[in-house]
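Novice: Quick one: the structure is below, and I'll ask about it shortly.
Readers should treat all values here as calculations from the given coordinates under stated rules, not as data from a laboratory. Here the structure is a predicted model, which is why all the values come from computation and not from measurement. Note: ideal-geometry Cβ built from the backbone for every residue, glycine included; neighbour counts use all protein chains shown.
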Amino acid sequence: MLISVLDLEREPIVFDLSIAPGVIDYGTETTQVAPLAVEGRADLIEETHGPRTVIQDIRLQGSYSGEFEVACARCLTPVRKKLGGRFDLLYRPLGADQGASEHSITASETEIGYYQESGLTLEDVLREQVLLSLPARTLCREDCKGLCPRCGRDLNTETCTCDPAPADPRWSALSDLAGRLKT
C-alpha cells in the first residue's frame, strides 16, 4: 500500500488490513505463518523551516500483530513466535535535511525516517517494525543442546558418535591454572 503526499493532502489515510503470508519478504531468517493484522493512520504534517520553506512530513501511527517462524539459535528448528507492537513514526522527504549544518541530534530526531518523492510503502514500514521486534536470540527450549559441531546432527533428537574435539593447546595454560587454584 503506497502512502503518498498527494493522497494525504486531501485527507488522512486510515487503514485496517490483513496481510497474507508471503506478501512481505522478511529475509531468510523469518517467515510469516499467519495473516498480519495491521491498523492505523497516516497524516500529513507541514513543518515550516524558514520564511518560505515548508516540509511535508508523513506521520504514521498504528499497530500490528501476527505469527512468525524464526530458527532456533542453537539447533535451527523453526520456532513459532507471536509478535505485535505499536508504532508512531515520522517520515521526511529524502534530502529535506540536506545542507543543514552539523550538530548533535536529539533522541526524537533518531526516530525520523525518509521517503522518496512518490511516498512510502506500508509493507516496508511493517517489515522494519517486525524485524525490530524479534528477540535477538530465539531458542526452541531453554535446554536446547544444539547441533554437533562435527557432524551437524541435532543433539536434542539423536546422539552422535563423534570423538570429542581435541583440546586446543592455546587453552592449556588456563587449565593448568585451574588445577593449581583447586589445591
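Novice: Assuming R0 = 41 Å, can you tell me the calculated FRET efficiency for the pair R150 and R127, based on Cβ-Cβ distance, to the nearest 0.05?
Specialist: Step by step, r from the Cβ atoms, then E = 0.65.
Novice: Against the longest alpha carbon principal axis of the chain, how many degrees, from 0 to 90 and to the nearest 10, is the axis of helix 122-133 turned?
Specialist: The helix 122-133 is inclined about 40 degrees to the chain.
Novice: May I ask you to derive the FRET efficiency for A34 and T157 from their Cβ-Cβ distance with R0 = 30 Å, giving the value to the nearest 0.05?
Specialist: FRET efficiency, A34 to T157: 0.70.
Novice: Under a GNM of the chain (C-alpha, springs under 10 Å), which listed residue has the highest mean-square fluctuation: S63, S118, S18?
Specialist: Evaluated over the chain, the most mobile residue of the options is S118.
Novice: So how tilted is helix 172-182 from the main axis of the chain? Cα-based, degrees 0 to 90, rounded to 10.
Specialist: So the inclination is approximately 70 degrees.
Novice: Hey, another quick one. What's the FRET efficiency of L76 with R41 using the Cβ-Cβ distance as r and R₀ = 30 Å, to the nearest 0.05?
Specialist: 0.15
Novice: Can I ask one more? Please compute the contact order of the chain in relative form: average sequence separation of alpha-carbon pairs under 8 Å and at least six residues apart, divided by the residue count, as a percent.
Specialist: 19
Novice: Another one. At 0.36 nm per residue, and after removing the present C-alpha to C-alpha distance, how many nm does the segment from M1 to Q56 gain when stretched out fully?
Specialist: Roughly 17.9 nm would be gained on extension.
Novice: Additional query: Given H placed 1.01 Å from N in the peptide plane, which residues other than close sequence neighbours of V79 have an amide H under 5 Å from its amide H?
Specialist: Amide H to amide H, under 5 Å and 5 or more residues apart or across chains, V79 pairs with V70, A71, C72.
Novice: With the crude spin-label approximation of a point 7 Å out along Cα→Cβ, what separation in nm comes out for S18 versus Q116?
Specialist: 3.1
Novice: Let me ask another. About the Cα centre, and with charges only on the beta carbon of Lys, Arg (+1) and Asp, Glu (-1), how big is the dipole of the chain? Nearest 20 debye, please.
Specialist: Using only the charged Cβ atoms, the result is roughly 1180 debye.
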